[in-house]
Amino acid sequence: MNWDFTVLSDSRTAVASYARNSVCGTAASLLPERKETTTHIRWFPAHVGGIAGFTVNRNEEADAIARELAHHAVPPCPSSAAEIMEPLTNYGDILHWHRAGRRALPPPHPRLKRGKAILLRQLQTGSVLTPALARHVCPGTYESAVCARYWAGEAITSME
């Protein structure tokens, strides 16, 4: 029985290296070595959508999954004509659109003073420097997790 494999790659260098048979052992072990197996290595440019002869472009799927995992997914385009606003034409508007699409937490209220807004964001993200955390960051300065202002003598965390 003859098996026919097709390997797709968006790296011209990798395809050329396989063609010259000058790849490392690990890369060479990825392809089957049986005589009844035919392996085709095809190059295609990355991020071009569909590939002729294939129903699904796995590179596009992998790219979408990587974007999702990296929390840098581009916000989806509007689905209806009613949602379409005027086009983004200057750099600041485009930058604001991308930043808003990645935002996980709402921005602090505009009337909050800067210090309070920073403290709110630190509380939301769990990154307030408390004695419990500071003794690991600056052990010479903070010997214990007990706050000098906290009378109960217990360790204090950002939730307190």
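Things worth noting here:
- R102/A66 FRET efficiency (R0 22 Å; Cβ-Cβ; nearest 0.05): 0.90
- Once backbone amide H atoms are built at 1.01 Å from N, T37 has W3 as its partners under 5 Å, excluding neighbours fewer than 5 places away on the same chain.
Readers should treat all values here as calculations from the given coordinates under stated rules, not as data from a laboratory. All values reported here derive from a predicted model rather than from experimental measurement. Counting neighbours? That spans all protein chains shown, and the Cβs are built from the backbone with ideal geometry, glycine included.
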